[in-house]
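Asker: One structure, as structure tokens, below. Some questions next.
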Amino acid sequence: MAYPRENLAPDERVVLHRHPHWKSLLGPVLLFLLVTLVAGILGGMVGGSDFDGGVKFWLLVVIGVLWALVFCWFLVRPLVRWKTTHFVLTDRRVIYRNGVFTRSGIDIPIRRINTVEFRHGVIDRILRTGTLIIESASDDPLQFHAIPQVERVHALLYHEVLDSQNDDEDYPPGRGDRR
């Protein structure tokens, strides 16, 4: 899914668009499977019990409602949060947006970026993910966690920063037209 074109400036080109790595969904999926297993066992126990029909029915409804609440809160919510989190690298800026009802985001102009680094441990290296750290002029470093293919993103971002610096050298202030 491409980043919405209406959120970009005229002639701005998307270099890379990522959602967080799928590892961020692993915990919610495993929890959901565990809760489904427990709900199934409880439902089987209630269904095979000697309770009268009305009590059985209401116990099964309670189990079903609790399961549905867990499904919405621990699986659907993280999935929607994952889908609505965007890390976008354009030829002019780094864009990070997240949130469903309350959206937040940050834009970092490429020209203001001083340092780009990445970090990942053994498991992150196996999964090809990690943390991207961007330091821009006069700001504390920003950390973006669970970036898929973090080394590739680091290289692309570094390339864009170098291109931006080369453009500045080609067009010194007050001399010629700038793009």
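The values are calculated or read from the model by the stated rules, or taken from the named source; none is laboratory data. As the structure is a prediction and not an experimental result, all values here were calculated from the model. Positions of Cβ are generated from backbone atoms using ideal geometry, with glycine treated the same way; all protein chains shown enter the neighbour counts. Just the protein is used for accessible areas: all its heavy atoms, side chains included, with ligands, DNA and RNA removed. Shrake-Rupley method; radii C 1.70, N 1.55, O 1.52, S 1.80 Å.
Asker: Restricting to region 5-63, give me the number of residues that are under 21 Å from LEU79 (Cβ atoms), open to solvent by less than 40 Å² (accessible area, probe 1.4 Å) and small (Gly, Ala, Ser).
Answerer: Within region 5-63, residues that are under 21 Å from LEU79 (Cβ atoms), open to solvent by less than 40 Å² (accessible area, probe 1.4 Å) and small (Gly, Ala, Ser) number 1.
Asker: Conditions first: (1) of a type in the set (Gly, Ala, Ser); (2) modelled with pLDDT under 95; (3) open to solvent by less than 90 Å² (accessible area, probe 1.4 Å). SER138 passes all but one, so which condition is the exception?
Answerer: (3)
Asker: Please count how many residues of region 1-32 are in contact with a Ser or Thr (Cβ under 9 Å, 6 or more places away or on another chain) and of a type in the set (Asp, Glu).
Answerer: Result for region 1-32: 1.
Asker: Within region 122-159, track down each residue that is part of a loop (DSSP other than H, G, I, E, B) and within 26 Å of LYS83 (Cβ to Cβ).
Answerer: Step one: filter region 122-159 for residues part of a loop (DSSP other than H, G, I, E, B), giving 128, 137-141, 149.
Residues satisfying the conditions are ARG128, GLN149.
Asker: Right, next: Going through region 89-120 one residue at a time, which ones are under 15 Å from PHE144 (Cα atoms), of a type outside the set (A, V, I, L, M) and in contact with a Leu (Cβ under 7 Å, 6 or more places away or on another chain)?
Answerer: PHE118
Asker: Quick one: count up the residues across region 1-21 that are touching a residue at least 24 places away in the same chain (Cβ under 8 Å) and either among the aromatic types (Phe, Trp, Tyr) or assigned to a loop (DSSP other than H, G, I, E, B) (or both). Before the answer, list the steps.
Answerer: From region 1-21, those touching a residue at least 24 places away in the same chain (Cβ under 8 Å) are 3, 7-9, 12-21; that's our starting set.
Remaining after also requiring either among the aromatic types (Phe, Trp, Tyr) or assigned to a loop (DSSP other than H, G, I, E, B) (or both): 3, 8-9, 12-13, 19-21.
Qualifying residue count, region 1-21: 8.
Asker: Which of the numbered conditions does ILE110 fail, given that it passes all the others? Conditions: (1) open to solvent by less than 50 Å² (accessible area, probe 1.4 Å); (2) out of contact with any Ser or Thr (no Cβ under 9 Å at 6 or more places or on another chain).
Answerer: The number of the failed condition is (2).
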